[in-house]
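Novice: I'd like to ask some things about the structure below.
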Amino acid sequence: MGRAEAPGRTEAPGRGEPAGRVDGRTARAERTRAAIVEAHLALIAEGDLRPTGERIADRAGISLRTLWTNFKDMETLFEASGAELLRQQDAAWRPISPTLPLAKRVDAYCRQRAKLLQLIAPSARAAQMREPSSAQLRRNRLKHIARVRAEVEQLFAGEIDRADPGRQQVVDAVVVASTWPAWSTLRDGLGLGVDAARAVMARTIGALLADPTDR
């Protein structure tokens, strides 16, 4: 005969622990991980572009051991922080109608890109410093580029299709003008304010998408 179970007790498969206890432990672990990511991004936003594990743990109010129990190394933390930045961008993003005239689409698109690029600016600056030695930061960057490319191809489909056989060059050029390296050059290299940098972006993208017969 097998061991009799206590009435009303629910056990997690293979663990022999009450489901409520396991769920509570999982929730606490998720809160701890979220606090670590929040601390990491907050330190970067405040200008600490290379925060150490010690500073992150202190900011999160946990021990260094707890930090590395939840994240095995900085690469896994970069992955989680990158996912949080994408979530924040998703929350701030608003769809733009592809039926608007080109000038209004370009204006709306560049206003939104400026807003999103400012949102990620501290983390993007930090990533530039550490990306040469971080495969995960390079993957994070490629995710951002892929999202921009997908939006460009959808929002400006008509103008891009008209550009054949140079379609891919037009897409690549608009993506380059829309992403962090170009924005960093405008803001940090040329010292332009947000509005002036956005105006340059809009002028560039508008010129790239304009009908050649209108030039």
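The values are calculated or read from the model by the stated rules, or taken from the named source; none is laboratory data. Being a predicted model, the structure only gives us computed values, none of them experimental. Because the Cβ atoms are built from the backbone with ideal geometry, glycine has one as well, and the counts that use them run over all protein chains shown. Just so you know, the surface numbers come from the protein's heavy atoms only, side chains and all, with ligands and any DNA or RNA stripped out. Shrake-Rupley method; radii C 1.70, N 1.55, O 1.52, S 1.80 Å.
Novice: Gaussian network model of the chain, Cα springs within a sub-10 Å range: biggest mean-square fluctuation belongs to which of Gly53, Gly61, Gly24?
Specialist: Highest fluctuation of the listed residues: Gly24.
Novice: Quick one: Karplus J couplings for the range 67-81, per residue in order, coefficients 6.51, -1.76, 1.60, θ = phi - 60°, nearest Hz, x for Gly and Pro?
Specialist: Each residue of the range 67-81 in turn: 4, 7, 6, 8, 10, 5, 6, 5, 4, 5, 5, 4, 5, 5, 5 Hz.
Novice: While we're on this one: How large is ³J(HN,Hα), in whole Hz, for each residue of the range 97-103 in order, when computed from phi with the Karplus curve 6.51 cos²θ - 1.76 cosθ + 1.60 and θ = phi - 60°, using x for Gly and Pro?
Specialist: 5, x, 8, 5, x, 3, 4
Novice: I would also like to ask the following. Applying 1/(1 + (r/R0)^6) with R0 = 30 Å to the Cβ-Cβ distance of Trp68 and Thr185, what FRET efficiency is obtained, to the nearest 0.05? Walk me through the intermediate numbers first.
Specialist: Details: r = 37 Å, r/R0 = 1.23.
Efficiency, rounded to the nearest 0.05: 0.25.
Novice: So if I place +1 on the C-beta of Lys and Arg and -1 on the C-beta of Asp and Glu, and nothing else carries charge, what would the dipole magnitude of the chain be about its Cα centre? I want it in debye, nearest 20.
Specialist: Details: 34 positive and 27 negative charges, 60 e Å.
Magnitude of the dipole: close to 280 debye.
Novice: Residue by residue, what Karplus-based ³J(HN,Hα) values in Hz, rounded to whole numbers, does the range 50-58 have, using 6.51, -1.76 and 1.60 with θ = phi - 60° and x for Gly and Pro?
Specialist: Residue by residue, the range 50-58 yields 10, x, 7, x, 4, 5, 5, 4, 5 Hz.
Novice: Determine the share of the chain's accessible area contributed by carbon and sulfur atoms, expressed in whole percent, with a 1.4 angstrom probe.
Specialist: 55
Novice: Give the label of the value calculated from the structure for Rg/Rh (Cα atoms, Kirkwood Rh), choosing from (i) 0.99; (ii) 1.05; (iii) 1.14.
Specialist: (iii)
Novice: If you don't mind, another one. Please name whichever of Ser81, Thr52, Gln136 sits farthest to the positive end of the charge dipole of the chain, dipole taken about the Cα centre and charges placed at Cβ: Lys and Arg +1, Asp and Glu -1.
Specialist: Of the listed residues, the answer is Thr52.
Novice: What dipole magnitude, in Debye to the nearest 20, does the range 72-149 give about its Cα centre under +1 on Lys/Arg Cβ and -1 on Asp/Glu Cβ?
Specialist: So the magnitude is around 340 debye.
Novice: On average, how much accessible surface per residue is there in the chain, in Å², for a 1.4 Å probe, leaving out ligands, DNA and RNA?
Specialist: Details: 12490 Å² over 215 residues.
That works out to 58 Å² per residue.
Novice: To the nearest 20 Debye, how big is the dipole of the range 19-137 about its Cα centre, given +1 on the beta carbon of each Lys and Arg and -1 on that of each Asp and Glu?
Specialist: 320
Novice: Counting only residues 5 or more places away or on other chains, whose amide H sits under 5 Å from the amide H of Ala163 once H atoms are built in the peptide plane?
Specialist: none
Novice: So, one more: Using a Förster distance of 35 angstrom, determine the FRET efficiency expected from the C-beta separation of Thr26 and Asp211, and round it to 0.05. Please report the intermediate quantities before stating the final value.
Specialist: On the way: r = 56 Å, r/R0 = 1.59.
According to the calculation, E is roughly 0.05.
Novice: Using 0.36 nm per residue of separation minus the Cα-Cα distance, give me the extension gain between Arg167 and Glu131 in nm, one decimal.
Specialist: Using 0.36 nm per residue and subtracting the Cα-Cα distance, I get 9.9 nm.
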